[in-house]
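Down below is the structure, laid out as structure tokens.
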Amino acid sequence: MNHYPAWKYLLVGAVLVFAVLFALPNIYGEDPAVQVSAATASNEEGLGERLNSVLAGSGLAYKGIELTDFGWLVRFNDTEVQLKAKELIDERLGEGYITALNLAAATPDWLRGVGAEPMYLGLDLRGGVHFLLQVDMDTAEKQVQSANIKGLRSYLRGEKIRYSAIIEGPNNTILIKFRSAEDRTTARELIYNEADYRDLNLLEVEGGKSPTLEVTIKESALIEKRDFALKQNITTLRNRVNELGVAEPIIQQQGADRIIVQLPGVQDTTRAKEILGATATLDFRLVDSNNDVQAALSGKVPLGSRIYRERNGQPILLLKDEIITGDAIIDAASGIDQQTGSSSVFVTLDSVGASRMSDVTRDNIGKPMAVVFKESKSDIKEVDGEIVIRRSTSEKVINVATIRDQLSKRFQITGLDSSEEARDLALLLRAGALKVPIDIIEERTIGPSMGKENIDKGAYSVIIGFMLVLVFMVVWYKQFGMIANIALALNLVVIIAVLSMLQATLTLPGIAGIVLTVGMAVDANVLIFERIREEIANGNSPQASIHSGYEKALSTIADANITTLIAALVLYTFGTGPVKGFAVTLSIGILTSMFTAIMGTRAIVNFFYGGKRLNKLSI
């Protein structure tokens with residue numbers, strides 16, 4: 001009686017070793033760091049030696065310099081030195097280099113080698129940036145109107161209805177002009193009965209030079225289109241933030257046209273703003289080799305062609321009709337061209353885009369094809385107390401190559417200036433283009449000092465609650481109380497280890513969940529110990545009382561914890577942000593406490609008391 005088989009002791013021991021190993025990285029914390037990379041490949045050579053030279057002569061203390069996948073990383077002891085070092089590096093290195101503030105995990109290499117990483121901290125604990133984004137709904141409406149104009153032209157041509165013009169009218173209207181009133185009436189009936197145009201209001205306008213049909217989109221449909229554009233932007237932003245490597249960001253809608261983005265741990269706000277607000281995409285176009293670009297510059301631009309500029313400013317004449325656009329790209333990855341050693345982006349197309357690319361390149365082997373990089377930017381200024389947003393769009397040719405073979409689903413783009421540019425372009429192509437432009441109208445940075453204060457207060461609450469429970473258990477249950485306290489300490493370690501393994505984000509509500517778990521974790525032991533007391537009071541032997549106490553209390557413990565677990569799962573399912581953080585830690589705490597309180601304490605009790613002749617128990 002009260003003997004565990006060897007495998008159960010090994011299981012408890014393995015869990016203990018596992019918990020300590022994966023909880024350990026959280027002790028080391030993070031180092032303030034400056035990340036430095038070269039904007040062009042020519043500047044990469046000797047960058048590490050230059051950094052060493054700059055910092056050695058500055059008198060600024062730093063922990064070390066190391067080469068990572070994203071450039072050189074310089075670690076410091078505090079943020080004040082980190083900020084001074086960034087200013088100095090920017091000044092000494094000059095142009096051609098990219099510097100960014102960072103928080104680098106201080107986990108030793110041997111721990112990282114086994115996959116042990118610290119858990120992430122939320123915005124309220126770690127600090128970070130908060131953005132409020134304004135979605136450009138005017139552009140969304142124009143896109144809807146443009147799509148309707150294009151669709152109506154195609155539809156009326158297909159139905160062989162003669163019209164003289166389809167143009168944009170005032171107040172988001174579309175004006176369709178006809179040669180006769182009969183054509184207008186026929187067109188109105190056809191459009192009215194067409195399922196694709198049920199969202200349109202049609203009104204015949206009299207008194208003009210030609211019979212006109214005024215088309216407007218219904219308000220309910222317009223609201224639906226705006227909401228769709230907003231949700232598509234949220235999806236794209238979430239993809240981009242995931243590519244940035246930010247843990248557990250908060251991206252949610254606020255009102256009808258705004259989005260909140262919170263990025264814990266991000267110090268480089270400039271890069272975050274560039275990635276979030278960028279509307280970059282690509283077009284693939286054939287070069288117009290039949291006409292002279294110099295003649296086009298003089299004003300004689302051929303019909304169906306357009307002048308673009310290459311990176312070096314040289315003009316180039318491209319066909320207006322694109323082969324494919326960025327919408328056809330389903331995946332992109334940065335890499336190195338095996339032949340030239342330069343940075344490149346490997347692109348994968350969807351089935352429609354691959355078919356189109358295959359057909360065009362098959363028919364144009366030996367002809368040049370250009371890749372056009374299109375980017376929209378916003379300049380926000382305050383003029384006479386009002387926020388004024390000026391938008392600009394730049395289009396530049398980043399690559400011109402001769403079509404050597406028939407292309408299909410996968411190919412590469414070369415001609416990029418640096419590996420950083422290749423990574424950013426691949427990121428934007430993978431995440432997709434924003435449905436409509438967004439503008440950052442509010443930006444707040446939450447400093448690490450405030451986060452440290454929150455961490456300290458949270459840690460104090462856990463320690464105080466933990467100590468009070470320890471004292472109570474020892475006073476009330478004596479030696480068995482000490483065993484419960486050992487299990488409680490193990491439970492805290494296992495919770496932290498699981499959170500670290502899952503790379504979950506710990507927030508203040510999450511700490512509250514841990515504090516609550518500390519109090520609840522001994523509930524199971526209280527039920528077991530009270531049952532043991534009852535068995536002893538009924539005249540059973542100590543060994544039989546231990547066995548009966550664990551056996552009979554098990555169903556009660558399971559019922560109590562399962563009901564709490566159901567409540568936590570409901571909180572996680574229907575909650576948002578902080579509520580989910582509380583639910584996660586509470587759920588993990590419930591599961592780990594059942595293991596440590598039942599199996600952990602039983603292993604200790606069996607080890608010390610099992611097989612012995614006992615006259616009484618210290619309980």
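The values are calculated or read from the model by the stated rules, or taken from the named source; none is laboratory data. For clarity, every value in this text was computed on a predicted model and none was experimentally measured. Using ideal geometry, Cβ is built from the backbone for each residue, glycine included, and neighbour counts are taken over all protein chains shown.
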### Message
Checking the structure you have, find out if any residue of the stretch 299-316 is assigned to a helix (DSSP H, G or I), farther than 25 Å from residue 240 by Cβ, modelled with pLDDT of 80 or more and of a type in the set (A, V, I, L, M).
### Response
no
### Task
Considering each residue of the stretch 585-619, count those that are within 20 Å of residue 523 (Cβ to Cβ) and in contact (Cβ under 8 Å) with a residue 60 or more places away in the chain, and give that number.
20
### Message
Please verify whether residue 426 is at pLDDT below 80, within 30 Å of residue 230 (Cβ to Cβ) and part of a loop (DSSP other than H, G, I, E, B), treating the condition exactly as stated.
### Response
no
### Query
Of the residues that sit in the stretch 198-234 and are in contact (Cβ under 8 Å) with a residue 24 or more places away in the chain and hydroxyl-bearing (Ser, Thr, Tyr), which one is nearest to residue 273 (Cα to Cα)?
216
### Query
What residue, of 107, 186, 173, is within 30 Å of residue 241 (Cβ to Cβ) and buried (at least 16 other Cβ atoms within 10 Å of the Cβ)?
107
### Query
Looking at 324, 365, which one is crowded, with 20+ Cβ neighbours inside 10 Å and either under 36 Å from the mean Cα position of the chain (by Cα) or at pLDDT 80 or above (or both)?
324
### residue 179 being surrounded by fewer than 16 Cβ atoms within 10 Å (Cβ to Cβ) and among the basic types (Lys, Arg)
yes
### Query
Which number in (1) more than 30 Å from the chain's Cα centre (by Cα); (2) touching a residue at least 60 places away in the same chain (Cβ under 8 Å) marks the one condition that residue 102 misses?
(1)
### Message
Against the condition modelled with pLDDT under 85, in a strand (DSSP E or B), within 25 Å of the chain's Cα centre (by Cα) and surrounded by fewer than 19 Cβ atoms within 10 Å (Cβ to Cβ), how does residue 262 come out, does it pass?
### Response
no
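To keep it simple, each residue is scored yes or no on (1) β-branched (Val, Ile, Thr); (2) more than 24 Å from the chain's Cα centre (by Cα); (3) within 16 Å of residue 509 (Cα to Cα).
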{"residue": "564", "(1), (2), (3)": "yes, yes, no"}
{"residue": "568", "(1), (2), (3)": "no, yes, yes"}
{"residue": "575", "(1), (2), (3)": "no, no, yes"}
{"residue": "579", "(1), (2), (3)": "yes, no, yes"}
{"residue": "610", "(1), (2), (3)": "no, yes, no"}
### Query
Which residue, of 556, 596, is over 30 Å from residue 250 (Cβ atoms), at pLDDT 85 or above and surrounded by fewer than 16 Cβ atoms within 10 Å (Cβ to Cβ)?
556
## Note on the structure
Expected single match for at pLDDT 85 or above, farther than 19 Å from residue 217 by Cα and within 40 Å of the chain's Cα centre (by Cα) among 132, 123, 152 is 132
### Message
Let me confirm something: among 398, 387, 403, which residue is exposed (fewer than 12 other Cβ atoms within 10 Å of the Cβ), hydrophobic (A, V, I, L, M, F, W, C) and either more than 26 Å from the chain's Cα centre (by Cα) or modelled with pLDDT of 75 or more (or both)?
### Response
387
### Task
Any chance you could count how many residues in the stretch 176-200 are within 18 Å of residue 222 (Cβ to Cβ) and assigned to a strand (DSSP E or B)?
1
